[in-house]
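What follows is calculated from the coordinates using simple rules that are stated; it is not laboratory data. Here the structure is a predicted model, which is why all the values come from computation and not from measurement. As a convention, Cβ positions derive from the backbone with ideal geometry for all residues, glycine included, and neighbour counts pool all protein chains shown.
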Amino acid sequence: MQTIAVLGSGTMGAGIAQVCALRGFDTILYDINDDLVNAGLNRIHESIRKGVQLGKTDPATADSAIARLKTTAQLSDLAPADLVIEAAPEKLELKRDLFRHLDALLAPSALLASNTSSLSVTAIAGATNRPDKVLGLHFFNPPILMALVEVVRGDGTSDETIHTGTEFARALGKTPVVCKDTPAFIVNRVARPFYGESLRLLGEGAADPPTIDKLIKSLGFRMGPFELMDLVGLDVNFAVSQSVYHAFFEDPKYRPHPLQRKMVDAGLLGRKTNRGFYE
């Protein structure tokens, strides 16, 4: 496997493409228009330059990675890919439609992976004629720093595909963890109470975000829940919360907090808008 295509040039897609290029893979970054693709490419270049300045990336490695990275706004340009990693918004029908088109475009041997953080890999694979070659590869934000990758087995995913996905994650220097296709998989499932109880404390006026974050970090966490929501994006966090809540048939323990919707509706999305729980 040599050519990797990443579909979506936002924070996650650009980060995944950067990791692939730095690890020696020919990488194609796709989005629906040139402006989005160029924004993603600029984000990658800036991140690589910062890595060189900090001494974390060798200049020759950086130059080679940039040379291996191609961009496109034409879906047909992804045809040579051995693996496509989809990093589109968390909307099931959007992902199913993309996988349907990719299935018709790619070689029969190519693998299709979704970076979904909560949606069913089995449901996404159902839009293709190759469910055995569809898996989840869930990276964490920021992909260049976070070691964990959840390798998600859909109901039809073959052992060979899981093995290939696991070895690919290792080739990126990541730590793969294989999991079943359950709502939100492992990390985001466990994280719902982490966020939910913190939001309830805030809503009840028990403490403010800095206080809650400070206390959580005193237990050994690198970031508090409100810092993490600002980093990930409140819109992304809310979408995952809604997905898990509905997947478990409105189980009250997974119910999103009204404050999440209020902040998303107000456009207070965290770092991406320069204002969330923090400014």
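Tabulated results
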| item | result |
| --- | --- |
| Cβ-based net charge around L111, under 12 Å, with every Lys or Arg adding one and every Asp or Glu removing one | -4 |
| Once the Cα gyration tensor of segment 123-279 is diagonalised, semi-axes √(5λ) in Å | 31, 18, 14 |
| Among F249, G270, H163 - extreme Cα towards positive end, dipole of the chain, charges at beta-carbon | G270 |
| Segment 147-197 - convex hull of alpha carbons, volume per residue in Å³ | 58 |
| Computed magnitude of the charge dipole of segment 188-273 (debye, nearest 20; Cβ of K, R +1, Cβ of D, E -1) | 180 |
| For q = 0.27 Å⁻¹, Debye-computed log10 I/I(0) when each Cα of segment 185-236 counts as one equal scatterer | -1.18 |
| Dipole magnitude of segment 224-264, debye to nearest 20 (Cβ charges: Lys/Arg +1, Asp/Glu -1, about Cα centre) | 160 |
| Amide proton proximity set for D26, modelled H, under 5 Å, gap of 5+ | I4 |
| Aspartates and glutamates whose Cα lies under 17 Å from that of K133, excluding same-chain neighbours fewer than 8 positions away | D82, E86, D97, D103, E150, D155, D159, E160, E167, D181 |
| Alpha carbon convex hull of segment 1-64, projected area averaged over orientations, nm² | 4.1 |
| Pairwise label distance in nanometres, T72 with K262, each label 7 Å out on the Cα-Cβ vector | 4.7 |
| Hydrodynamic radius (Kirkwood) for the chain, which is based on Cα pairs only, to one decimal in Å | 19.4 |
| Straight-distance crosslink candidates among lysines, where the alpha carbon sits under 29 Å from K217 and sequence neighbours closer than 8 are dropped | K50, K56, K174, K253, K262, K272 |
| Cβ-based exposure ranking for S47, S76, in which fewest neighbours within 10 Å come first | S76, S47 |
| Computed label-point distance, nm, for sites K217 and H101 using a 7 Å Cα→Cβ extension | 4.2 |
| Size of electric dipole in the chain: Cβ of Lys, Arg +1 and of Asp, Glu -1, about Cα centre, debye, nearest 20 | 560 |
| Residue order, fewest to most beta carbons within 10 Å, for C179, C20 | C179, C20 |
| Charge-dipole axis of the chain as Lys and Arg at +1 and Asp and Glu at -1 on Cβ define it, positive-most pick from M1, I44, I28 | I44 |
| Residue among A107, A17, A87 with the largest mean-square fluctuation in a Gaussian network model of the chain, springs linking Cα atoms under 10 Å | A107 |
| Kirkwood Rh in Å, taken over all unlike Cα pairs in segment 188-273 | 13.1 |
| Most positive-pole-ward Cα, G196, S109, A73, against dipole of the chain from beta carbon charges | G196 |
| Per residue Cα convex hull volume in Å³ - calculated over segment 1-107 | 86 |
